[in-house]
1. Over 23 Å from Val18 (Cβ atoms), β-branched (Val, Ile, Thr), open to solvent by 90 Å² or more (accessible area, probe 1.4 Å) and assigned to a helix (DSSP H, G or I): which single residue out of Ile110, Ile83, Ile68 fits that description?
2. Determine whether Lys116 is charged (D, E, K, R), in a helix (DSSP H, G or I), at pLDDT below 90 and crowded, with 18+ Cβ neighbours inside 10 Å.
3. Which condition number in (1) in contact with a His (Cβ under 9 Å, 6 or more places away or on another chain); (2) over 14 Å from Leu44 (Cα atoms) is the one that Phe96 fails?
Amino acid sequence: IIIESTFITVSVFVVFLVALKLPVQIARTAALLALVSAQMAQALNNRSETHSIFSKELETNYKLFIAISISIFLNILAIYTPIGNKLLGITTLPTFLLIFCLLIGFIPIIGVELLKKFGTRRKLAINK
């Protein structure tokens, strides 16, 4: 949990720092979207502590994929509609920043997958 949280924190902080070249409201919106993306990635990663997210050993959980898709759609809808902007106090993001936030938010998958591959989680799961 601590390692995953560190990956998420660093990812969101990097997005915020990059976006600070733009107005601060855009930077806050970008950080929020990156955090949401990272949480969705964490949900995917935590389906198993030992098996890779890309392995066929994990059963497909279509309900999880639907929930993640809906969450990302609602976040994009909130960012790109005046009602969402007003209710959440956020602003529209430039397209390049939107894509950057979504991609950077999924960086925790790489870190956790490396931990799974090199056995850190596998050893911890076996010792339980």
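1. Sole residue among the options that is over 23 Å from Val18 (Cβ atoms), β-branched (Val, Ile, Thr), open to solvent by 90 Å² or more (accessible area, probe 1.4 Å) and assigned to a helix (DSSP H, G or I): Ile83.
2. Numbers: charged (D, E, K, R): yes; in a helix (DSSP H, G or I): yes; at pLDDT below 90: yes; crowded, with 18+ Cβ neighbours inside 10 Å: yes.
Yes.
3. (1)
The values are calculated or read from the model by the stated rules, or taken from the named source; none is laboratory data. As the structure is a prediction and not an experimental result, all values here were calculated from the model. Every residue, glycine among them, receives a Cβ derived from its backbone with ideal geometry; neighbour counts consider all protein chains shown. Side chains are part of the model used for accessible areas, which takes the heavy atoms of the whole protein and leaves out ligands, DNA and RNA. Shrake-Rupley method; radii C 1.70, N 1.55, O 1.52, S 1.80 Å.
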